[in-house]
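Here the structure is laid out as structure tokens; the discussion comes afterwards.
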Amino acid sequence: MPIGPTPGGWWLFSLLLSATLVTTFLSGGFLFSISLVFILGAHEFGHYWASRRNGVRSTLPYFIPAPPVFIAGTFGAFIQIKQVIPNRRVLMEIGSAGPIAGFIVALPTLIYGLSLSTVSPALGIEGVNFGSSLVLNLCSEWVLGVNPQSPDLNINLHPIAFAGWIGMFVTALNLIPIGQLDGGHIIFALFPNKHGLLGRIFYIGLFPLGYFWSGWFFWAVMIALVGFKTAPLTDEIEDLSHREKVLGLVSIAIFVVTFIPVPFSFI
């Protein structure tokens, strides 16, 4: 039977959650704060409940507050696995549960937020342009009837829509198939003999992307510091069932539709 969090774990969870609610509120207001923390919480609790379901000890989600001047008021959240994961089947469940849960919450958040957003002509005013993904393109055309990449229009994102945008962006970052990222675990579970090669290809690809957005250089450094090895397993031989393979393919599809090659640019 999985062991639940200790009272100290609940205290730390509550403290970090409260601090993150404050910093995200100061960064974008009440609706932005609640929406973003809900998305991040869904992602991390997806990992947490998948861990408990498979008898793997883990911490509660640790939210990371950031100075309110930071664009979102948070550096995200994470859980810490406290024991070796049994096999690739469990690794797939734990690795995919977070991004799938986060996407399920972020998608209606984005759609509802876009319904509250406005569209105006582009005036050539200097500022920050937020990049677009396939899912944002589809949702913008469906809800607002406009293409977000049109140079003649500006979509003025409502705070709820902005939280949805960040939620999608964070989901894509986590699904990059390298090392200790969720995507790295998923690719290792799907392709245990090819995950190293795929990880190196995607890692090298971050550097030309860094020419268009320097944040990719920072992300490459962070990945290198964490390491390129995936989670150790007790048994690496056990194969995936059809269900776990579907979870992996769904996760890859989410990565494709949420990835933003140039997340931020200056007008």
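Numbers below:
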{"read-out": "Residue count, segment 34-50 (criterion: of a type outside the set (Phe, Trp, Tyr) and more than 17 Å from residue 12 (Cβ to Cβ))", "value": "8"}
{"read-out": "Out of 253, 231, sole residue that is surrounded by fewer than 19 Cβ atoms within 10 Å (Cβ to Cβ) and free of Cβ contacts under 8 Å to residues at least 24 places away in the same chain", "value": "253"}
{"read-out": "Filtered residues of segment 139-150 (kept if under 24 Å from the mean Cα position of the chain (by Cα), modelled with pLDDT of 90 or more and surrounded by 12 or more Cβ atoms within 10 Å (Cβ to Cβ))", "value": "139, 140, 141, 143"}
{"read-out": "Close pairs (9 angstrom Cβ cut-off, 6 or more residues apart or separate chains): surrounded by 12 or more Cβ atoms within 10 Å (Cβ to Cβ) in segment 197-214, outside any helix (DSSP H, G or I) and among the small types (Gly, Ala, Ser) anywhere", "value": "199/179; 203/179; 212/265; 213/131; 213/265"}
{"read-out": "Residues within segment 223-247 that are in a loop (DSSP other than H, G, I, E, B) and in contact with a helix residue (DSSP H, G or I) (Cβ under 7 Å, 6 or more places away or on another chain), tallied", "value": "7"}
{"read-out": "Test: residue in segment 56-72 that is among the polar types (S, T, N, Q) and in contact with a strand residue (DSSP E or B) (Cβ under 7 Å, 6 or more places away or on another chain)", "value": "yes"}
{"read-out": "Filter result for the condition that a residue is buried (at least 21 other Cβ atoms within 10 Å of the Cβ), in contact with a strand residue (DSSP E or B) (Cβ under 9 Å, 6 or more places away or on another chain) and of a type outside the set (D, E, K, R), over 185, 158", "value": "185"}
{"read-out": "Sole residue being over 15 Å from residue 163 (Cα atoms) and either out of contact with any Lys or Arg (no Cβ under 6 Å at 6 or more places or on another chain) or surrounded by fewer than 23 Cβ atoms within 10 Å (Cβ to Cβ) (or both), chosen from 70, 63, 75", "value": "63"}
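The values are calculated or read from the model by the stated rules, or taken from the named source; none is laboratory data. Please read all numbers here as calculations on a predicted model, not as lab measurements. All Cβ positions, even for glycine, are placed from backbone atoms using ideal geometry, and neighbour counts span all protein chains on display.
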